[in-house]
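Data first, discussion second: the structure below is written as structure tokens.
Please treat every number below as a calculation from the coordinates, not as lab data. From a predicted model like this one, the values you see are computed outputs, not experimental measurements. Please note: Cβ atoms are built from the backbone with ideal geometry, for glycine as well, and neighbour counts cover all protein chains shown.
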Amino acid sequence: MHSLRSHYNIRSQDGLIIFAKAPQICRVKTRMLAQFNHRQCLYLYRHLLHDTYQQAHSRRYRVTLYTAGPGMSGTQKQRGYDLGQRMLHALQAQLKTHQRVVLIGADSLVTSAIIEQAFAHLDKPNAVVIGPANDGGYMLIGAHTRIPQELFCAMQWGHAGVLSTTLTRLNRRGLQTRLLAPVIDLDTPADWQQMLARQSRPSWTQCLLKCV
């Protein structure tokens with residue numbers, strides 16, 4: 001597996017943030033325990049993180065990995081009391097040195113094409129892009145120049161209404177919002193079954209049950 005350290009490229013106009021947890025047994029993919037054991041959950045998360053990092057590799061933008069939990073050197077630490085505050089902190093920090101910033105999670109089947117689409121939509125200072133997840137939340141958010149703090153405050157993270165509430169707040173601010181195609185967020189056994197029903201899925205899914 002390739003190193004998951006942040007890597008920096010010549011161009012710095014665009015910045016990509018990957019949000020992840022340190023891949024430690026009994027600490028990742030715990031909502032999958034109705035389907036898998038702890039070792040399998042770790043195996044699953046490691047592959048999701050690796051695939052996300054591979055899809056994010058590009059010479060067009062600078063990639064920074066923000067992690068929660070110990071044990072991953074060369075990365076930025078997530079800061080804040082909940083997910084919203086941690087995302088806000090990372091976005092604001094990167095927008096100080098980049099014109100366009102996109103944040104993605106490491107739990108979804110995001111592709112390089114989706115990431116490129118997100119940056120392409122951030123063509124104006126008031127633009128925001130959202131990548132919906134299948135659970136009513138989102139797996140990607142990006143902004144040009146600035147990001148409204150209210151998008152992340154007093155939000156019930158993990159609730160099915162996260163996306164709709166976010167869109168309402170964006171509309172209230174009059175921001176130009178683009179929605180990408182929905183992507184599966186692998187958090188629950190139902191998400192796993194939905195992914196298996198797809199014709200195209202990662203090759204490692206075939207050996208998850210027998211390789212660990």
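With the crude spin-label approximation of a point 7 Å out along Cα→Cβ, what separation in nm comes out for Cys207 versus Gln13? According to this spin-label approximation, the distance is 4.2 nm.
Hey, what number do you get for the chain at 222 nm if only DSSP H runs of n ≥ 4 count, each worth -39500 (n - 2.57), divided across all residues, to the nearest 500? After summing the helix terms and dividing by the residues of the chain, the value is -9000 deg cm²/dmol. Taking 17 Å as the straight-line reach from the Cα of Lys21, the aspartates and glutamates in range (excluding those fewer than 8 positions away in the same chain) are Asp51, Asp82, Asp107, Asp185, Asp187.
Kirkwood analysis of the chain, using all unique Cα-Cα pairs, places the hydrodynamic radius at 17.5 Å.
Among beta bridges identified by DSSP and lying wholly in the chain, the antiparallel ones come to about 40 percent. Sorting Ser203, Ser112 from the fewest to the most surrounding beta carbons within 10 angstrom yields Ser203, Ser112.
What the Cβ-Cβ distance of Trp157 and Thr188 gives, at R0 = 22 Å and to the nearest 0.05, is a FRET efficiency of 0.90.
Taking 0.36 nm per residue of separation and subtracting the Cα-Cα distance, full extension of the segment from Leu196 to Gln176 would add 3.7 nm. Which residue fluctuates most in the GNM of the chain (Cα springs below 10 Å): Met155, Met87, Met139? The residue with the greatest mean-square fluctuation here is Met155. A simple spin-label model places the labels of Arg60 and Lys124 2.1 nm from each other, with each point 7 Å out along Cα-to-Cβ.
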